[in-house]
Amino acid sequence: MVQSNEFMLLFRLEPSTESTPTASEMESMKAKWGAYIGTIAIAEKLVSTHQLGWEGRRITSDLKEEEGIYIVNNITLGGNMVVKAKDMTEAISLAKKCPILQMGGSVEVRNILPM
């Protein structure tokens, strides 16, 4: 298979129902995310990005539905971004600047294979 020059950044974090950020903290984080996404967009490396909500249902292989989002070891997927990069090293460099890292989250970088 031909390797694409697109990579998906998967943003993972620990959901918290115990502590709610203040309005000031929320504004600060929004500004950081805006700057992060904006920098990638201005460099013409942004393909798409999505923040995921907290409501959802899971469908299992036997077609049963389960209420809620997938959380393992108290970590869930919070969103994703598809970026253009010349290689994995450049994609990782973009990921290392992600604000989710300041929130105690993580970024998984995956190459995208054409279908």
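How many residues, within region 4-52, are closer than 23 Å to Ile112 by Cβ and among the small types (Gly, Ala, Ser)?
Going through region 4-52, the residues closer than 23 Å to Ile112 by Cβ turn out to be 4-13, 33, 36-52.
So of that shortlist, the ones also among the small types (Gly, Ala, Ser) come out as 4, 38, 41, 43, 48.
The total comes to 5.
Scanning region 20-36 for residues that are surrounded by 11 or more Cβ atoms within 10 Å (Cβ to Cβ) and not in a helix (DSSP H, G or I) gives a single hit, Pro21. Taking region 37-115 as the region of interest, the strands (runs of 3 or more DSSP E) fully inside it that hold 1 or more residues being touching a strand residue (DSSP E or B) at 6+ places or on another chain (Cβ under 9 Å) and small (Gly, Ala, Ser) are 46-51, 76-84, 106-111. Among the conditions (1) at pLDDT below 95; (2) more than 18 Å from Ala95 (Cα to Cα); (3) out of contact with any Ser or Thr (no Cβ under 8 Å at 6 or more places or on another chain), the only one that Pro15 does not satisfy is (3).
The values are calculated or read from the model by the stated rules, or taken from the named source; none is laboratory data. No experiment lies behind these values; they were computed from the predicted model shown. Glycine also receives a Cβ, built like all others from the backbone with ideal geometry; neighbour counts cover every protein chain displayed.
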